[in-house]
């Protein structure tokens, strides 16, 4: 009688950051190695593991707090579209199925974590660190940043966004991102 309760409790516990990264990679590999990988299938899979709202919030940095709820929603939806389209297209065109992932350390500090991996393509090795967070101790872990060769996706976008905002303001940044998303989605539709 006690065993089923324990099994249910363990099944309900949120996956560890390392388990989430491994699961995300396995799911992406299934799509890439399927008969018909599409950007839409890959993007849908990314939605299961990546918190695009958190990524957008951190990428925009201090400017996030000054936006209305509507602006925040619009910005995060636009960022989600840009990232989903660009990285799904890149994964398909690179044929990432030929890469092997080696999993390293997991470091958890409160509600944030990092998982170190190494992407091995032929003889080349690329360090990749996934940054994750959870809203509280009972929430599921979600990826919000990827660091490749010490270059953070969030930090890179933050630098770019600050430059555009200083020249064109937030509305100019949003317009630029929407145009980029539209172009990427057209390219993705052509690939599918």
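How would 84, 181, 162 line up from fewest to most surrounding beta-carbon atoms within 10 angstrom?
If I rank by nearby Cβ atoms, fewest first, I get 162, 181, 84.
Over all Cα pairs of the range 25-76, how is the pair count split among 5 Å bins, expressed in % and running from 0 up to the last occupied bin?
4, 19, 22, 13, 12, 12, 10, 6, 2, 0
In degrees from 0 to 90, rounded to the nearest 10, what is the angle of the helix 17-32 Cα long axis to the longest principal axis of the chain?
Taking the Cα atoms of the chain, the angle to 17-32 is about 70 degrees.
Write down, largest first, the equivalent ellipsoid semi-axes of the range 2-191 in whole Å, where each equals the square root of 5 times an eigenvalue of the alpha-carbon gyration tensor.
After scaling each eigenvalue by five and taking roots: 29, 22, 17 Å.
What list do you get for 133, 157, 103 if you sort them by fewest beta carbons within 10 Å?
Result, fewest neighbours first: 103, 133, 157.
Using only Cα atoms, tell me the angle between helix 39-49 and the longest principal axis of the chain; keep it within 0 to 90° and round to the nearest 10.
It is inclined by approximately 60 degrees.
Using Cα atoms only, what is the angle between the long axis of helix 69-94 and the major principal axis of the chain, expressed in degrees (0 to 90) to the nearest 10?
70
Ignoring everything except DSSP H segments at least 4 long, calculate the 222 nm mean residue ellipticity for the chain; use -39,500 (n - 2.57) per segment, divide by total residues, nearest 500.
-20000 deg cm²/dmol
For the range 2-191, calculate the relative contact order in percent as a whole number, restricting contacts to Cα pairs under 8 Å that are 6 or more residues apart.
24
What distance in nm separates the two pseudo spin-label positions at residue 149 and residue 63, each 7 Å out from Cα along the beta-carbon direction?
Distance between the two pseudo-spin positions: 2.6 nm.
Among 64, 141, which comes first, second and so on when ranked by fewest other beta-carbon atoms within 10 Å?
Neighbour counts put them in this order, fewest first: 64, 141.
Rule-based calculations on the coordinates, nothing more; no lab input. Computed from a prediction, not measured in an experiment: that's the story for all the values here. Here Cβ is always computed from backbone atoms with ideal geometry, including for glycine, and neighbour counts include all displayed protein chains.
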